[in-house]
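A.B. asks: The structure's right below; bear with me while I get my questions together.
The values are calculated or read from the model by the stated rules, or taken from the named source; none is laboratory data. Just so it is clear, the structure is predicted and the values come from calculations on it, not from any experiment. Every residue, glycine among them, receives a Cβ derived from its backbone with ideal geometry; neighbour counts consider all protein chains shown.
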Amino acid sequence: MSGFTFILPDDFDDCEWEATAKGWCPGARLIVLGKSYCLTFYDAVRLGQTIQSELEGGRSFFEPNLVVVRAVTRAEMERAAEWLVQSGQVAFLVEQSLSTGS
């Protein structure tokens, strides 16, 4: 399987530095075989901080279609999206509902 489209948020080019610094980028989309998946990218450090904060607040942590990359950069996210498709891991993603936009 090789045909896919990877779309970053509209303003990503203007704020890639910020996403990289924060270690977090929600709102990316992966479209494969007519199915759309909303992805959230984290780097490992930020993910650990987010999980810790949720647990300390007495909550659990859950994020569908979470992808962890070395750094939240365009290149790393594109590489991860390609890996999801090429490895077949896309089969485990939660499809975005087209009727509700989520």
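A.B. asks: Residues being of a type in the set (S, T, N, Q) and free of Cβ contacts under 8 Å to residues at least 40 places away in the same chain: count how many of those fall in segment 1-55.
C.D. replies: Here is the first cut: in segment 1-55, the residues of a type in the set (S, T, N, Q) are 2, 5, 20, 36, 40, 49-50, 52-53.
Checking the rest, the ones that are also free of Cβ contacts under 8 Å to residues at least 40 places away in the same chain come to 5, 40, 49-50, 52-53.
Residues meeting the conditions: 6.
A.B. asks: Let me ask something else about it. Which one of Gly88, Gly101 is modelled with pLDDT under 95 and under 23 Å from Gly3 (Cα atoms)? Explain how you work it out, then say what you get.
C.D. replies: Values: Gly88 fails: modelled with pLDDT under 95.
Of the residues listed, the single one that is modelled with pLDDT under 95 and under 23 Å from Gly3 (Cα atoms) is Gly101.
A.B. asks: Which of the residues that make up segment 38-66 are in contact with an Asp or Glu (Cβ under 6 Å, 6 or more places away or on another chain) and under 16 Å from Met77 (Cα atoms)?
C.D. replies: If the condition is that a residue be in contact with an Asp or Glu (Cβ under 6 Å, 6 or more places away or on another chain) and under 16 Å from Met77 (Cα atoms), then Thr40 is the only one that fits.
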